[in-house]
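Trainee: This is the structure I want to talk about, given as structure tokens.
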Amino acid sequence: MQTQSLNQTSYVFRTENLNVYYGSNLAVKNVTLNIPARQITAFIGPSGCGKSTILRCFNRTNDLIPGARVEGKLTYHGKDLYAKEVDPVAVRRRIGMVFQKPNPFPKSIYDNVAYGPRVLGMKVDLDEVVETSLRRAALWDEVKDKLKENGQSLSGGQQQRLCIARALAVKPDVILMDEPCSALDPISTRRIEELMKELEEEYTIIIVTHNMQQASRVSDMTAFFSVELVGSNRVGELMEFDRTEVIFNSPTKQATRDYVEGRFG
Amino acid sequence: MQTQSLNQTSYVFRTENLNVYYGSNLAVKNVTLNIPARQITAFIGPSGCGKSTILRCFNRTNDLIPGARVEGKLTYHGKDLYAKEVDPVAVRRRIGMVFQKPNPFPKSIYDNVAYGPRVLGMKVDLDEVVETSLRRAALWDEVKDKLKENGQSLSGGQQQRLCIARALAVKPDVILMDEPCSALDPISTRRIEELMKELEEEYTIIIVTHNMQQASRVSDMTAFFSVELVGSNRVGELMEFDRTEVIFNSPTKQATRDYVEGRFG
Amino acid sequence: MTSAATGYGSPPNPDIDVDIEKKASPSRAVDVGFVRLTLALAGFAGIILIWVILQTTEAALPAIQQFGLGFLVTARWNPVENIYGVLPQIYGSLMTSLVALIFAIPLGIGTAIFLTEGFAPKWVTAPIGFAIELIVAIPSVVLGLWGIFVLIPAVRPIFRAINQTLGWIPFFGGPAPRGPSLLIVAMVLGIMISPIIISITRSTFESLPRSLKEGALALGATRWETILTVMIPAGLSGIVSSIMLALGRALGETMVAAMLSGNANRINISLMQPGSTITALIASQFGEAGRLQVSALMYAGVVLMVLTLLVNIVAEIIIRKFQNLEQ
Amino acid sequence: TSAQAQTVQISGAGATFPAPLLQRWFDAYNRTVDPTVQVSYQSVGSGAGLEQVINGAVDFGVSEAPFSGARLESFRAKYGYEPLQLPLGGGAIEFAYNLPDIKDGELILKRETYCGIVTGEITRWDDNRIKADNPDIANRLPPLDITWVHRSDGSGTTFVFTNHLKAVCPNWTAGAGTSVEWPVGIGAQGNEGVAATIKQEPGAIGYVNQSYAKLENMATARLENKAGNIVEFSTEAATSALDAPIPDDFALLVPDPEGPNDYPIVGLFWVMLYREYPDQEKLTKLVETLKWTQGPEGQAITRELDYIPMPEAAIQRIFAELDAITVNPNAVR
Amino acid sequence: MSDSAQLAPEKVDIDITRAAIAPVRNYTGIVLTLLSGLFVAVIIASLSWVLWDVGKEGIQRISWDVLTQTRYPAPGLTEGGFGHAIVGSLMVLATGAALSFPFGILAAVYLSEFGRGTRLAYLVKFSCNVLTGVPAILCGLFAYAVVVRGSGFSAFSGGVALGVLMLPIVIRSTEEALLLVSPDMRLASIGLGSTRFQTTMRVVLPAAAPAIVTGLILALARAAGEAAPLLFTAFNNNFWSTNLFGPVATLPVMVYFFSIIPFRLQQELAWAGALVLLAIVLAASLIARFLVHRTRR
Ligand SMILES: Nc1ncnc2c1ncn2[C@@H]1O[C@H](COP(=O)(O)OP(=O)(O)OP(=O)(O)O)[C@@H](O)[C@H]1O
Ligand SMILES: Nc1ncnc2c1ncn2[C@@H]1O[C@H](COP(=O)(O)OP(=O)(O)OP(=O)(O)O)[C@@H](O)[C@H]1O
Ligand SMILES: [Mg+2]
Ligand SMILES: [Mg+2]
């Protein structure tokens, strides 16, 4: 994958001068980047720099945060995502998302996973979809005997994997993942990473991670965000965006080098 | 720290054959371990093996989960934590906790941190405590201009640091941390780790982490938990408990070796 | 470049794949239809409710024209000469509701806390919860009868004792109390409305995330500190809403006020003396009223609506202030 | 459904006081005379009942005061004729009291005395004027304050009572009506409220309908009538009080009956009818039912429930009016 | 990990009993607990006092006959019952619920989900606030003017009156319940590509269901006991009728009427009627909660 050269890829998302506000506060400014198709793009950067904020723009879940406002251009396969005639539901149906805080529904484990296929009216064998998705999210063995139990009574890591399974069940085109492995143990993390590499064959993936190793292990492209003081306001900014090996081995900016070299993970 | 020899330590907690049930399900069985004072003990192990469950026993937050039940012996400085005359409030006041999912109160950032000192009636300069705690939690710079804003409008990582600051503000004897850094970027993570090393001088710390590097970097003792199938039930179990360098370099059990050698984190 | 060309736009059929425009599909139609339906129903609900308000106002017009604002400060109700004013009833309505709330708020919130915050096992709290909701269903005429035949005889000696010892306080003053009084009304209203506060406050507490409570307890807060400093502020909007609903019920309750207030058409500061409320006036006079009298009763109804509105506005301001401090 | 098709449903609304009698009549008629006639009566109050009649929402109304004022204008304007109001029976009002040592019928109230009580001039039971009326029990009259208990809700009972006061008490200034501004006393809701208040309060006295006084076993006073005789309530004394010349519109009010043995405080209740009904069958059944109430079976029930039956002479005129109602398919409603 | 490694516990002053907590905090807690216990006792005592009296008075006259006979005992007589009033009450209550529940719930959905901050939302809330304190009789007069004057007295118009009475309660309590649903749940559902409709129906409403049901039961209970709105709408019927568009007898009207006439038997039936009303509300509450419980599983 890493060998696939940039000019062979097409872009799924292109953003130009994207600014995101919460109320009157500018949270992230001037983000211009292109997300290549069928690759894994990682967003890294210090806490509060706006990674989640930008990620949410890609499937318009920011619409739901009162006061959140997006300026600038963001296209998905050449179509303006924020154009009037765009149906955010259709967008989200194609662009799935796993959130930073696990948020299972107060329903059974089975119903959590079956939720998507059900509402989308997908004509599939639900039992099969539930099992496959849970297997892919490395959760099947742990829950196969208690599918009827409430999803919220799982452990933190189990909940997160449940949310991943839920997102996989609807078979989206793009998957946005906000720190999907932060609550996971190494074994589950490895399985999720393997899964991502597998999905990459067919899907475009964007992942936010604080784990440098993870970023360097799985991603093809990496975007490094940073925070700048504008007046007394902290505003996020895209510092550098390039192939992962470039970002980790020979970044152009000093800030990037500083950040990735303090390899903590 | 690592040089401090074991026989200089006394034990803060001792558990003997601790079993924890959720309803009629046995979640963790037969945990026997001693937590040394003024050291950092790490709990590692696969997701769902009961790390959080055991951790919650140490300050009796399990009491709050309907159906949760603890069997066996658990002493704190020689006193039975589950004895009749023990008041969980007094316990929790000495044994602070940072949860796996950040849970700031729907109050201002300032009030979140000041909450503990206020209810405990601590005679301190609140402004100072708030600032110190936020600084220690590596959050001060980011929020110093918006102390009046709602704690729940922070980013995921900021919320987690806020919860850490909140726990520090009451100056407990023991601090339990359930994956405190899972939502944090490397810089904040480093600061929190430094903080832990600093606190170790005075406090006993137990930390649950999925990050092997973190465990090996900061902890003095490491407990490795694993899951076993009992019938069709998955039950957590303490596999091995020893000094961190032993666990990571020459564990006695094969399972431990397998787990820590797949060094992902 | 062939491979690149097929790769362009990602999966094989780009046209279908990037199809994100709004377009007619059953689920979108249902969605848009649903949102419009809720909009329409909300609008229709608004229309109905405003219709009720307007209709009452229309019926009140003759009296409004004839008595003007003097209606609010006149303490006479003379159907024989057609002279009307509702000052005593305004006082009575406000005082009975206020005192009922003074009974019901601590009782209601205290009970809701007791029932949700683990002071008693579920097999104790569940039946209590049911019984409490049942009270709301007792026809108010039955509560009125109960007040006349059970409560008044029971509390009359207590009233008299209070009147004798604390009579210097204006609210307990006046001649030896006979029973029917604003205070009796307020007591029965308090019984009637506390279930509203209990039920709604209870479900508010139950819906708050457990992690909030855990957060406070883990800092060493006691159960009560957690309740007072975290649970109640977090559930404030629900609690206030329940209080407002309860207040609405108290202000609007008819038969209890008519049967127990003593229906005295004069202002008496003392709560132990007979008084009257707007609803009692409407209920007891409507059936036999003459034309202008009916209009005056409707005017009284309009006054009650305005009172309710004012009380709600005040409550809203209080919540806003409180929440600003909190955030 | 074929059985239902034959039943005729008739609805009426109005006064509360005669409601038990009306319910009983219509129930008995349906059971014993004609099972196809179902008359429902709702006691919403006279005023509201009259509004229903004006609105055409009911087939008949019942009131304890005749049509008058703005309502009469409205009725005329809408229907183009005078409403047909026919008295079906009457009632009397008694003073009921709670005096620990004084039994039912022992207390005598002369006119000036009860006028003094309702106007607040007499405030104590041991007042000399009361003692003077009651030489036999003068020493048993207690040293208690008089608590005057009146109806707080609008009611025909109050109308009849105040109509009497207005006629006999020179100092009575509050006028007559279904509710008035009382100079003294405490208000209670409904007959049962007045009864309860009196029973709970030693020294209390108030006015209630005679049927209430009897069924609730209340002590009642003997009163002085216009002729100066002391009379006790009896159906005969009340019937003879109502046996006065009835005017053409049947709006007979006897604020102060003149006969030597007449009971002084009596009043009628009227059924309010249209002079044209759209439906022949309904009209026939309604007229038959109303006539039956004035027949022997109906009057037996009237007496049983302690209401006052209409005198024979009046009944003939009532029947004639009933027979004069016509069918008009286009009648205004 | 040998035992010899262990020293005697450090001499730390460790007190984790109640005594470790500042006395003020302890006593405040105890006082508040006692106080709330007292409040519960007061509430339960007064409620059971009322329920006891209603039950005691009502139970005397409850018999199979009374519940099944479909004609009131006429004043002064003893034979009869109020089966037809039970049916009539169920009819008006069901109509009122059928009108106000879906209506109020969906309007509240608009207020909390789609229309937050709009002028319409403000207007609806405003009118709800005004109308929660309105005497029930005004709702009856509204239904009288709007329905009865066109089509005559009917169970349906009684239902309309009760519906108008319940509407503000339903809207307010439902909106409150919806606001308590965590935004994370909405985000999760929307993020999976479900429409607002699906999110509302499958996630938000089920999560809020218990609280919504509480509000609905409160509204229903309130409507069940009101006679005033029915006097001029459902009217009265001394006979059996299941015609939705004709007058029917109802329990609250019966209770009202029988409680103000001087016949002992009828007065006892009034209490019995009140008890039956309670049973109806209890049954509705139990059924609703059972359904919620089942569908949420
Ligand atoms: N509230 C609860 N009710 C019922 N079962 C629970 C509850 N919380 C946890 N469990 C179960 O107990 C077991 C241990 O859970 P625990 O949260 O302790 O795991 P963990 O080791 O912390 O995992 P993770 O690393 O994913 O957080 C799991 O199987 C989980 O499903
Ligand atoms: N709902 C919100 N309302 C107001 N401000 C917000 C909200 N969510 C985030 N912010 C602010 O916007 C900035 C960017 O937040 P964001 O959540 O995108 O950060 P992040 O890069 O994802 O951080 P982390 O790694 O900690 O999750 C932060 O300063 C945060 O405080
Ligand atoms: Mg984030
Ligand atoms: Mg955990």
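The values are calculated or read from the model by the stated rules, or taken from the named source; none is laboratory data. Values in this document were obtained by computation on a predicted structure and should not be read as measured data. Quick reminder, even Gly has a Cβ in these numbers, built from the backbone with ideal geometry, and neighbours come from all protein chains shown.
Trainee: Give me a count of the residues in the range A:216-265 that are over 30 Å from A:S24 (Cα atoms), within 11 Å of chain B (Cβ to nearest Cβ) and either acidic (D, E) or within 16 Å of ligand 3 (Cβ to nearest atom) (or both).
Mentor: 2
Trainee: Right, next: Among the residues that make up the range B:213-220, is at least one of them free of Cβ contacts under 8 Å to residues at least 12 places away in the same chain, surrounded by fewer than 21 Cβ atoms within 10 Å (Cβ to Cβ) and touching an Asp or Glu at 6+ places or on another chain (Cβ under 7 Å)?
Mentor: No, the conditions are met nowhere in the range B:213-220.
Trainee: With modelled with pLDDT of 90 or more, more than 16 Å from ligand 4 (Cβ to nearest atom), farther than 23 Å from B:F13 by Cα and among the hydroxyl-bearing types (S, T, Y) as the only criterion, which of B:S219, B:S250 stands out?
Mentor: Numbers: B:S219 fails: farther than 23 Å from B:F13 by Cα.
Result of the check over B:S219, B:S250: B:S250.
Trainee: When you check A:L229 against the structure, is it assigned to a strand (DSSP E or B), without any contact (Cβ under 8 Å) to a residue 12 or more places away in the chain and among the hydrophobic types (A, V, I, L, M, F, W, C), yes or no?
Mentor: Values: assigned to a strand (DSSP E or B): yes; without any contact (Cβ under 8 Å) to a residue 12 or more places away in the chain: yes; among the hydrophobic types (A, V, I, L, M, F, W, C): yes.
For A:L229, the condition - assigned to a strand (DSSP E or B), without any contact (Cβ under 8 Å) to a residue 12 or more places away in the chain and among the hydrophobic types (A, V, I, L, M, F, W, C) - is met.
Trainee: Next question, about the same structure. Could you tell me whether B:R190 is within 14 Å of chain A (Cβ to nearest Cβ), away from ligand 1 (no atom under 16 Å from the Cβ) and modelled with pLDDT of 90 or more?
Mentor: No; evaluated as a whole, the condition is false for this residue.
Trainee: Continuing with the same structure: B:N112 - would you say it is within 16 Å of ligand 4 (Cβ to nearest atom), under 28 Å from E:I14 (Cα atoms), touching a residue at least 24 places away in the same chain (Cβ under 8 Å) and polar (S, T, N, Q)?
Mentor: For B:N112, the condition - within 16 Å of ligand 4 (Cβ to nearest atom), under 28 Å from E:I14 (Cα atoms), touching a residue at least 24 places away in the same chain (Cβ under 8 Å) and polar (S, T, N, Q) - is not met.
Trainee: Can you tell which of C:I152, C:I109 is more than 10 Å from chain E (Cβ to nearest Cβ) and buried (at least 18 other Cβ atoms within 10 Å of the Cβ)?
Mentor: Going through C:I152, C:I109 in turn, the sole match is C:I152.
Trainee: Given the structure, is B:S52 within 16 Å of ligand 4 (Cβ to nearest atom) and either β-branched (V, I, T) or modelled with pLDDT under 90 (or both)? Walk me through how you get there before you give the answer.
Mentor: Details: within 16 Å of ligand 4 (Cβ to nearest atom): yes; either β-branched (V, I, T) or modelled with pLDDT under 90 (or both): no.
So B:S52 fails the test.
Trainee: Another question about this same structure. Tell me, which strands (runs of 3 or more DSSP E) wholly within the range D:158-229 include 3 or more residues that are in contact with a Pro (Cβ under 6 Å, 6 or more places away or on another chain) and surrounded by 22 or more Cβ atoms within 10 Å (Cβ to Cβ)?
Mentor: none
Trainee: A:R93 - would you say it is part of a helix (DSSP H, G or I), facing another protein chain (nearest Cβ under 8 Å) and either within 16 Å of ligand 4 (Cβ to nearest atom) or crowded, with 22+ Cβ neighbours inside 10 Å (or both)?
Mentor: Considered against the rule, which asks whether it is part of a helix (DSSP H, G or I), facing another protein chain (nearest Cβ under 8 Å) and either within 16 Å of ligand 4 (Cβ to nearest atom) or crowded, with 22+ Cβ neighbours inside 10 Å (or both), A:R93 comes out as yes.
Trainee: Looking at A:V98 and the list (1) surrounded by fewer than 22 Cβ atoms within 10 Å (Cβ to Cβ); (2) in contact with a helix residue (DSSP H, G or I) (Cβ under 8 Å, 6 or more places away or on another chain); (3) in contact (Cβ under 8 Å) with a residue 60 or more places away in the chain, which single condition is not satisfied?
Mentor: Only one criterion is unmet by A:V98, namely (1).
Trainee: I need the full set of residues from the range E:175-185 which are assigned to a helix (DSSP H, G or I) and out of contact with any Ser or Thr (no Cβ under 6 Å at 6 or more places or on another chain), in order please.
Mentor: Passing the criteria: E:A177, E:P183, E:D184, E:M185.
Trainee: Identify, from the list D:A28, D:A5, the residue that is surrounded by fewer than 24 Cβ atoms within 10 Å (Cβ to Cβ), over 26 Å from D:P257 (Cβ atoms), over 21 Å from the mean Cα position of the chain (by Cα) and modelled with pLDDT under 90. I'd like the intermediate steps shown before the answer.
Mentor: Working: D:A28 fails: modelled with pLDDT under 90.
Sole residue among the options that is surrounded by fewer than 24 Cβ atoms within 10 Å (Cβ to Cβ), over 26 Å from D:P257 (Cβ atoms), over 21 Å from the mean Cα position of the chain (by Cα) and modelled with pLDDT under 90: D:A5.
Trainee: Still on this structure: For the range C:262-269, state whether one or more residues are within 14 Å of chain D (Cβ to nearest Cβ), within 25 Å of the chain's Cα centre (by Cα) and buried (at least 23 other Cβ atoms within 10 Å of the Cβ).
Mentor: Yes: one or more hits.
Trainee: Which of the residues spanning the range C:203-260 are among the polar types (S, T, N, Q) and either facing chain E (nearest Cβ under 9 Å) or touching a Phe, Trp or Tyr at 6+ places or on another chain (Cβ under 8 Å) (or both)? Working first, answer last.
Mentor: Of the range C:203-260, the ones among the polar types (S, T, N, Q) are C:203-204, C:207, C:211, C:222, C:226, C:229, C:237, C:241-242, C:254.
Those that are among the polar types (S, T, N, Q) and either facing chain E (nearest Cβ under 9 Å) or touching a Phe, Trp or Tyr at 6+ places or on another chain (Cβ under 8 Å) (or both): C:S203, C:T204, C:S207, C:S211, C:T222, C:T229, C:S237, C:S241, C:S242, C:T254.
Trainee: Let me ask something additional. Let me spell it out: the conditions are (1) within 16 Å of ligand 2 (Cβ to nearest atom); (2) modelled with pLDDT of 85 or more, and A:K101 meets all of them except one. Which number is the exception?
Mentor: In the conditions (1) within 16 Å of ligand 2 (Cβ to nearest atom); (2) modelled with pLDDT of 85 or more, A:K101 misses (2) alone.
Trainee: Look at B:L162 and say whether it is in contact with a Pro (Cβ under 6 Å, 6 or more places away or on another chain), within 30 Å of B:G45 (Cα to Cα) and of a type in the set (A, V, I, L, M, F, W, C). Break it down into steps so the answer makes sense when it comes.
Mentor: Values: in contact with a Pro (Cβ under 6 Å, 6 or more places away or on another chain): yes; within 30 Å of B:G45 (Cα to Cα): yes; of a type in the set (A, V, I, L, M, F, W, C): yes.
The answer is yes for B:L162.
Trainee: Still on this structure: Scan the range C:177-195 and report the pairs whose first residue is more than 9 Å from chain E (Cβ to nearest Cβ) and on the phi < 0 side of the Ramachandran plot and whose second residue is surrounded by fewer than 24 Cβ atoms within 10 Å (Cβ to Cβ) and aliphatic (A, V, I, L, M), with Cβ atoms within less than 6 Å and a gap of 6+ or a chain change.
Mentor: As it stands, the answer is C:L182/C:M95; C:A186/C:V99, since those pairs meet every condition given.
Trainee: Might you let me know whether the range C:128-135 holds any residue that is of a type in the set (F, W, Y), over 30 Å from E:Y110 (Cβ atoms), more than 9 Å from every other protein chain (Cβ to nearest Cβ) and out of contact with any Pro (no Cβ under 9 Å at 6 or more places or on another chain)?
Mentor: There is no residue in the range C:128-135 that is of a type in the set (F, W, Y), over 30 Å from E:Y110 (Cβ atoms), more than 9 Å from every other protein chain (Cβ to nearest Cβ) and out of contact with any Pro (no Cβ under 9 Å at 6 or more places or on another chain).
Trainee: Can you list the helices (runs of 4 or more DSSP H) found entirely within the range A:121-197 that contain at least 3 residues being crowded, with 24+ Cβ neighbours inside 10 Å and within 16 Å of ligand 4 (Cβ to nearest atom)?
Mentor: Details: elements: A:126-136, A:140-143, A:156-168.
Output list reads A:156-168.
Trainee: Right, next: Could you tell me which of the residues E:L32, E:L106 is modelled with pLDDT of 90 or more and within 30 Å of C:T222 (Cβ to Cβ)?
Mentor: That would be E:L32, the only listed residue that is modelled with pLDDT of 90 or more and within 30 Å of C:T222 (Cβ to Cβ).
Every residue, every condition in (1) outside any helix (DSSP H, G or I); (2) in contact (Cβ under 8 Å) with a residue 60 or more places away in the chain; (3) in contact with a Lys or Arg (Cβ under 9 Å, 6 or more places away or on another chain), yes or no:
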| site | (1), (2), (3) |
| --- | --- |
| E:G80 | yes, no, yes |
| E:A85 | no, yes, no |
| E:M91 | no, yes, no |
| E:F101 | no, yes, no |
| E:E113 | no, yes, yes |
| E:G117 | yes, no, no |
| E:L120 | no, no, no |
| E:N129 | no, no, yes |
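Trainee: So if I check each of E:R172, E:R202, which one is in a helix (DSSP H, G or I) and within 14 Å of chain A (Cβ to nearest Cβ)? Break it down into steps so the answer makes sense when it comes.
Mentor: Details: E:R172 fails: within 14 Å of chain A (Cβ to nearest Cβ).
E:R202 is the lone residue from the list that is in a helix (DSSP H, G or I) and within 14 Å of chain A (Cβ to nearest Cβ).
Trainee: Report yes if some residue within the range D:300-323 is within 19 Å of D:P83 (Cβ to Cβ), without any contact (Cβ under 8 Å) to a residue 24 or more places away in the chain and among the aliphatic types (A, V, I, L, M); otherwise report no.
Mentor: Yes, the range D:300-323 contains a residue that is within 19 Å of D:P83 (Cβ to Cβ), without any contact (Cβ under 8 Å) to a residue 24 or more places away in the chain and among the aliphatic types (A, V, I, L, M).
Trainee: May I pose another question? Across the range A:40-60, which residue is farthest from ligand 2 (Cβ to nearest atom) among those that are in a strand (DSSP E or B) and within 14 Å of chain B (Cβ to nearest Cβ)? Quick ask: steps written out before the conclusion?
Mentor: Filtering the range A:40-60 for residues in a strand (DSSP E or B) gives A:40-44.
Checking the rest, the ones that are also within 14 Å of chain B (Cβ to nearest Cβ) come to A:42-44.
Values: A:A42: 13, A:F43: 8, A:I44: 9 Å.
Result: A:A42.
Trainee: Of the residues A:A37, A:A27, A:A68, only one is in contact with a helix residue (DSSP H, G or I) (Cβ under 8 Å, 6 or more places away or on another chain), near ligand 2 (Cβ under 8 Å from one of its atoms) and farther than 25 Å from B:I187 by Cα; which?
Mentor: Criteria check complete, one pass: A:A68.
Trainee: Confirm whether B:A114 is in contact with a helix residue (DSSP H, G or I) (Cβ under 8 Å, 6 or more places away or on another chain), within 9 Å of chain C (Cβ to nearest Cβ) and in a helix (DSSP H, G or I).
Mentor: No, not satisfied.
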